[in-house]
Amino acid sequence: MIHVMSVILYLAHTVQGTSTTCPPSDGTPRSVWSILATCAFTLLICVWQSIHDDVPPPNLGWCKARVVQVSTILLSFLLPEWTVCIAGKQWSEARRKAAELRDKRYGWSMTHSFFAEMGGFYYCKKEGSSERIDSLDFKALRDKDEIANPDFTEQDIKDKSKSDWPGKFILGVQLIWFILQVAVRHFTGLAVTLVELDTVCMAVLTILLLYFWHYKPLRPKCPHIFYSYEYLKSNPDLSQASQSGRCFLYALTDFVGCTGNTPADEEKPLPENRNDNATHSLWHSLIESVKMKQVDTSSISLGSLCTAWFIFGALHLTAWDFAFAMKLEKFTWRIGSLLLAAAPLVVTAEKGLVSVLRRVGWRDDTNSSIESTFLFFSLALAFVCRMLLVVVMFASLRFIPCSAYETVSWLR
C-alpha cells in the first residue's frame, strides 16, 4: 500500500505541475491531490472491507500469505467482475449446502457453509493426519458419529471475523455517499474525472460483494478442528480439557498454535501430511481456470459475471462525451466500455449456439468444452479492455477540465 500511495503522490505532483491554469472558482477549489486521495482511500476501503479471502493454511508462511493478500487486492482491481463471479458462486454453494444441512441436529447456517467452503474446518481422524472438509463432509462424518466435538455455533465463527454488520453498514453508507457526490456533480454540470467514474464503478460492484458475502467471515486467521474419538484417546490433554470446565473451543485453537500453547504448554501444529497445500484464494481460482482453460458455467456464476460486466461497461459509457486530450483516448475508452457492456449479449448468443448444437446431436462434453473455452477467452478480452481503461484513466489526469476543480454547492 505504501508503494501505491507513493505512485499516487507522484502522479498528483506531476499533474499539478503540468495542468492548465483555471480561473478561481466561487466555492472551495479541489486539487488533483484531493481527487486522487479521495478515490484512493475509497478504493482502499472497498478492497480492505469487502474482499473476503479464504482461511490460509495453518502453516502458511508470513511472506507467502502477504503475497496472496496483495495478489488478491490486485486481482479485485484489475478484474472486479471476476471477483463478483466468484462471490456469486460461493453464495449459491453456501445456500445450497445450508439447505441440505437444515436439520436442527446439525446446527448449520449460511455462516457455517461459507466458513466450510473457505477452508475453515479440518478433521483429524488419527495421529499424524488431517484433512480439510466442507459442509457435506461434515454431514457425512456427523451421520456416522465420527466427530467427538461437533458443536460449533454461528457465534463462534463470527467471533473469528474481523468485521460485523455495523461495519459493513457503515461501509455501504460511505460508498453510497461517494456515488451520490459524483452523481450530483454530473447533474449540476460540473466535470467528473475518469478516476472518479472508475471509483464509482468499483463502489457499485463492492455493494454487490457485500450482498453476496454478507454471511461470510472476514479474514479469519485460524481454522476450527474437528476430532475423532480415536484422536482424542491418543491425546489425553485434549480429552481432559473437554471433560473439564474449560471451553473446548479454546483448547482446540490452542492445540493448533493460533493463540498460544496447548493445555500442556506444548505447541503442536497440524500434521504436515494434510491436503491443504493449495491456497484457496481469488487469485488461485483464476490461475486454475487459466491452466485448465475452463471457467465455471453455472447459472449463478454466469449471471453474476454478466451483471458485473454490464454494470462496469454501462457506467464507463457515461463518459462517452467527456473531454479527452486525444481522439485516440476517447476512441479507446468508448471501445473498451462498449465491449464490457455488450459482453452479456455475447454470452447469451453463445448459450443459444450451444443449445442449438445439443439439438443437432453434438456431445455434451464437446459443448461444455466449447462453452468453457469461449468464456475463458471472453474473460481474457475483458482483462485487456480493463487494462486499456486504466491506462486512459491515468493518462486523462494530464488534461482535467477547469470545472473538475470546483466543489459541489449543496445549497443551490
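Quick rundown of the values:
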{"item": "Relative contact order [Cα under 8 Å, 6+ residues apart], the stretch 52-129, whole percent", "result": "34 percent"}
{"item": "Rough spin-label spacing in nm, given labels placed 7 Å along Cα→Cβ, for residue 63 and residue 346", "result": "4.0 nm"}
{"item": "Reach of residue 216 by Cα under 19 Å, taken over lysines that are not fewer than 8 positions away in the same chain", "result": "89, 97, 158, 160, 162, 168"}
{"item": "Mean projection area, nm², convex hull over Cα of the stretch 28-124", "result": "9.8 nm²"}
{"item": "Dipole of the stretch 125-170, positive end: most advanced residue of 148, 166, 138 [Cβ charges, Cα centre]", "result": "166"}
{"item": "Stretch gain in nm, segment residue 409-residue 151, where the contour uses 0.36 nm per residue and the Cα spacing is subtracted", "result": "87.2 nm"}
{"item": "Karplus-derived HN-Hα couplings along the stretch 400-406 (A = 6.51, B = -1.76, C = 1.60, θ = phi - 60°), whole Hz, x at Gly and Pro", "result": "10, x, 4, 5, 5, 7, 7"}
{"item": "J(HN,Hα) series, the stretch 199-204, from Karplus relation 6.51 cos²θ - 1.76 cosθ + 1.60, nearest Hz, glycine and proline x", "result": "5, 4, 4, 5, 5, 5"}
{"item": "Accessible heavy-atom area order of 132, 102, 66, 185, highest first, probe of 1.4 Å", "result": "102, 66, 132, 185"}
{"item": "Karplus (6.51, -1.76, 1.60) ³J(HN,Hα), θ = phi - 60°, over the stretch 143-149, in Hz, Gly and Pro reported as x", "result": "5, 8, 6, 10, 10, 7, 10"}
{"item": "Probe 1.4 Å, all protein chains present, accessible-area order of 326, 387, 202, largest first", "result": "326, 387, 202"}
{"item": "Rounded to the nearest 10 Å², the accessible area of residue 215 at probe 1.4 Å", "result": "110 Å²"}
{"item": "Amide H within-cut-off set for residue 224, under 5 Å, with H built and near neighbours excluded", "result": "121, 122"}
{"item": "The stretch 149-216 - accessible surface per residue (Å², probe 1.4 Å)", "result": "48 Å²"}
{"item": "Cβ charges +1 (Lys, Arg) and -1 (Asp, Glu), total dipole of the stretch 36-128, debye", "result": "340 debye"}
{"item": "Whole-Å distance, taken between Cα centres, linking the stretch 172-199 and the stretch 375-398", "result": "21 Å"}
{"item": "Förster-model FRET efficiency, 51 Å R0, residue 188 and residue 127, C-beta, rounded to 0.05", "result": "0.15"}
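The values are calculated or read from the model by the stated rules, or taken from the named source; none is laboratory data. Note that the structure is predicted; figures quoted are calculated from it, not measured. Heads up, the Cβs are rebuilt from the backbone with ideal geometry, glycines too, and the neighbour counts pull from every protein chain shown. Ligands, DNA and RNA are excluded from the accessible area calculation, which covers all protein heavy atoms including side chains. Shrake-Rupley method; radii C 1.70, N 1.55, O 1.52, S 1.80 Å.
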